[in-house]
1. Take residue 35 and tell me if it is assigned to a helix (DSSP H, G or I) and open to solvent by less than 80 Å² (accessible area, probe 1.4 Å).
2. From the set of residues in region 38-57 that are open to solvent by 50 Å² or more (accessible area, probe 1.4 Å) and polar (S, T, N, Q), which is farthest from the chain's Cα centre (by Cα)?
3. Output the qualifying pairs, or none if there are none: Cβ atoms under 6 angstrom, residues six or more apart or on different chains, first residue in region 1-22 and of a type in the set (Ser, Thr, Tyr) and modelled with pLDDT under 90, second residue surrounded by 14 or more Cβ atoms within 10 Å (Cβ to Cβ) and in a helix (DSSP H, G or I).
4. Would you tally the residues in region 7-28 being under 24 Å from residue 56 (Cβ atoms) and surrounded by fewer than 11 Cβ atoms within 10 Å (Cβ to Cβ)?
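The values are calculated or read from the model by the stated rules, or taken from the named source; none is laboratory data. Remember, predicted model here, so these are calculated numbers, not experimental data. Neighbour counts are summed over all protein chains in view; Cβ atoms, including those assigned to glycine, are modelled from backbone coordinates with ideal geometry. The area values use the complete protein model at the heavy-atom level, side chains included, leaving out ligands, DNA and RNA. Shrake-Rupley method; radii C 1.70, N 1.55, O 1.52, S 1.80 Å.
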Amino acid sequence: MDWKRKLSSRKLWIAVAGLISGLILAFGGSEAAAETVSGVVMSTASVVGYLLAEGLADSTHTEEKEE
């Protein structure tokens, strides 16, 4: 399984944020808390996606130099 591709998927992180927000609301949490947690999940997803993309680009660049 290609974990880098899976973890950088925006669809995955949107689904995770939606699930967590839904659970917060279902268990009596406030909308503000659900929005805050969703924002944190999406911010984390942005950073993870950026780091994976940069790592992939760097590894490709390194492989080109070695050839």
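1. Details: assigned to a helix (DSSP H, G or I): yes; open to solvent by less than 80 Å² (accessible area, probe 1.4 Å): no.
For residue 35, the condition - assigned to a helix (DSSP H, G or I) and open to solvent by less than 80 Å² (accessible area, probe 1.4 Å) - is not met.
2. 43
3. Listed by first residue and then by second, the contacts come to 8/49; 8/52.
4. Applying the first criterion (under 24 Å from residue 56 (Cβ atoms)) to region 7-28 yields 7-17.
If we keep only those that are surrounded by fewer than 11 Cβ atoms within 10 Å (Cβ to Cβ) too, we end up with 11.
Here the count works out to 1.
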